[in-house]
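Just so you know, all these numbers are worked out from the coordinates, no wet-lab data involved. None of the values given here were measured: they were computed from a predicted structure. All Cβ positions, glycine included, derive from the backbone under ideal geometry; neighbour counts span all protein chains shown.
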Amino acid sequence: MPELPEVEVLRRDLAAEVVGRRVDAATVTGARTVRRHPPDEVVEAVAGRRIRAVGRHGKFLLVELDDGTVLVVHLRMSGQLRLEDPARPAPPHTHAVLALDDGRVLRFVDPRTFGELFVTGPDRPELAGLGVDALEPGLSPADLARQLAGRRAPVKAVLLDQRRVAGLGNIYTDEVLHEAGVHPFRPGGSLTAAEVRKVARVVPKVLRAAVEARGSSLADAQYVDLYGRTGGFQRAHRVYGREGLPCPRCGAPVQRLRLGNRSSFSCRSCQK
DNA sequence: CAACCGACCTGTTCGC
DNA sequence: TGCGAACAGGTCGGTT
C-alpha cells in the first residue's frame with residue numbers, strides 16, 4: 001500500500017485533473033472512514049466548494065478547497081482513490097464519493113478501512129506532529145543526523161517514525177538502507193557521519209525514481225493510481241520482497257528479518 | 001521521553 | 001480441494 005511515492009503520483013494526477021473543478025455533491029457511506037466527524041459534517045464541508053490545489057505531506061494527501069478548508073486523505077494500508085465515470089459500477093468497499101462538475105466522480109475505496117478522510121482548516125493542526133517531508137523540501141544530512149542522534153532504536157524504526165521523517169514506509173526504508181549499505185537493525189545513533197550523509201542522499205534518489213516509475217504495486221496489485229493502473233517500481237526493487245534472490249550489488253542472497261512484527265529485507269554481506 | 005506490542009480490518013496466499 | 005494460519009505497503013494507544 002501507499003507510501004510517499006504512491007501518494008505523490010496520486011497528488012500529481014489529481015492536481016492535473018481536478019484543480020479548478022467544483023464538488024457538486026458528496027456522499028459518505030462509511031462512518032469509519034470519516035471517524036473524526038459525523039459523516040454529514042464532511043459532506044457539508046466539501047459540497048459546493050471548488051478545488052484550489054492538491055498538496056501532500058508525507059503520506060497525507062491535502063485537497064485544498066476555495067474557502068480554505070482542507071480535505072485530508074490518508075490511504076493507510078488498502079485505500080485507493082479512483083477518478084471514474086459514475087456509470088461505472090462502484091468497486092466494493094467504496095466509502096465516499098465526490099461528484100465533480102465535469103461529470104466525473106472521485107471515489108475513496110478501502111477494503112480494510114484503516115484509511116480515513118477528514119476536514120480541517122488551512123493550518124491543519126492534526127498534521128503538526130509530522131517530521132519534514134522526505135521528498136519536498138527533503139531531509140538535509142543535518143536534519144537526519146539530529147533525528148538519529150542518541151537513538152538506540154534501529155535506524156529503520158527511526159526512518160519509519162513519521163514524527164521524525166514523513167513519508168517513508170516499509171518498502172522504501174528497505175530500499176534506501178540497502179542502497180546506502182547500512183543494516184536496518186543498526187542503532188540509529190551508531191551511524192557514522194559518512195553513513196548519515198549517504199542515507200540522506202539516497203532517500204530522495206530512491207523516492208524520485210519510484211515516483212518516476214509511478215510507485216510500487218506488489219503481487220496482489222493493491223496499489224493502483226487514479227485510473228486503476230498499477231505502478232512499475234516493484235521491478236526495480238533491490239531487496240524488498242526478494243528473499244533468497246541475489247543482491248544486485250554483491251550477489252549474496254537477500255535475507256528476510258523481522259523488525260517488530262514486520263518483514264525487513266536486506267543483504268547480509270553488503271549491509272553491515 | 002524512548003521503545004515495544006497488540007489492535008484496528010479484510011482479502012489473499014501458503015502450508016498441511 | 002479444503003481449511004485454518006499467516007501475512008500485507010500504516011498508524012495509534014497503552015505499557016514498560
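Its Cα centre serving as origin, chain A has a Cβ charge dipole (Lys and Arg +1, Asp and Glu -1) of approximately 1420 debye.
Of all aspartates and glutamates in the structure, those lying under 18 Å Cα to Cα from residue A:205, and not within fewer than 8 positions of it along the same chain, are A:3, A:6, A:8, A:133, A:136, A:143, A:174, A:175, A:179, A:195.
The angle between the Cα long axis of helix A:4-18 and the main principal axis of chain A comes to about 30°, on a 0 to 90 degree scale. In order along region A:49-54, phi translates into HN-Hα couplings of 8, 9, 8, 8, 6, 10 Hz, rounded to whole numbers, per the Karplus curve 6.51 cos²θ - 1.76 cosθ + 1.60 with θ = phi - 60° and x for Gly and Pro.
Near residue A:252, the amide H atoms lying under 5 Å from its own belong to A:247; only residues 5 or more places off or on other chains count, and H is placed 1.01 Å from N.
Relative intensity of chain A on a log10 scale, I(q)/I(0) at q = 0.07, 0.08, 0.15 Å⁻¹, equals -0.27, -0.35, -1.07, per a Debye sum over C-alpha point scatterers of equal strength in the absence of solvent.
Protection proxy ranking, highest mean first, for peptides A:246-258, A:92-104: A:92-104, A:246-258, where packing is the per-residue count of other beta-carbon atoms within 10 Å, averaged. For region A:116-176, the relative contact order comes to 36 percent (Cα pairs under 8 Å, sequence separation of at least 6). The mean sequence separation of alpha-carbon pairs under 8 Å and at least six residues apart, normalised by the residue count of chain A, gives a relative contact order of 18 percent. Using only alpha carbon pairs under 8 Å that are at least six residues apart, calculate the relative contact order of region A:22-156 and give it in whole percent. Relative contact order comes out at 26 percent.
Rounded to the nearest Hz, the phi-derived 3J(HN,Hα) couplings of region A:257-271 under the Karplus curve 6.51 cos²θ - 1.76 cosθ + 1.60 (θ = phi - 60°) are 10, 10, 10, x, 10, 10, 6, 9, 10, 7, 9, 4, 9, 10, 10, where x marks glycine and proline. In terms of surrounding Cβ atoms within a 10 Å radius of their Cβ, A:77, A:1 rank from fewest to most as A:77, A:1. Out of A:109, A:68, A:261, whose Cα points farthest toward the positive end of the dipole of chain A (charges: +1 Lys, Arg; -1 Asp, Glu; placed on Cβ)? Highest projection toward the positive end goes to A:261. Between the alpha-carbon centres of region A:1-60 and region A:216-272 there is a gap of 30 Å. Along the axis of the charge dipole computed for region A:1-152 (Cβ charges of +1 for Lys and Arg, -1 for Asp and Glu, origin at the Cα centre), the listed residues A:57, A:92, A:144 are led at the positive end by A:144. Bridges between two residues of chain A, per DSSP, are antiparallel at a rate of about 95%. Distant-in-sequence amide contacts of residue A:133, defined by a placed amide H-H separation under 5 Å and a gap of 5 or more residues or a different chain, comprise A:138, A:166. Let me know the whole percent of all Cα-Cα pairs from region A:116-206 that are separated by more than 17 Å. When all Cα pairs of region A:116-206 are counted, 46 percent exceed 17 Å.
Each of A:198, A:205, A:272, A:59 has some number of other Cβ atoms within 10 Å of its Cβ, and from fewest to most they run A:272, A:205, A:198, A:59. The amide H of residue A:56, built 1.01 Å from its N in the peptide plane, has A:62 as neighbours under 5 Å, considering only residues 5 or more places off or on other chains.
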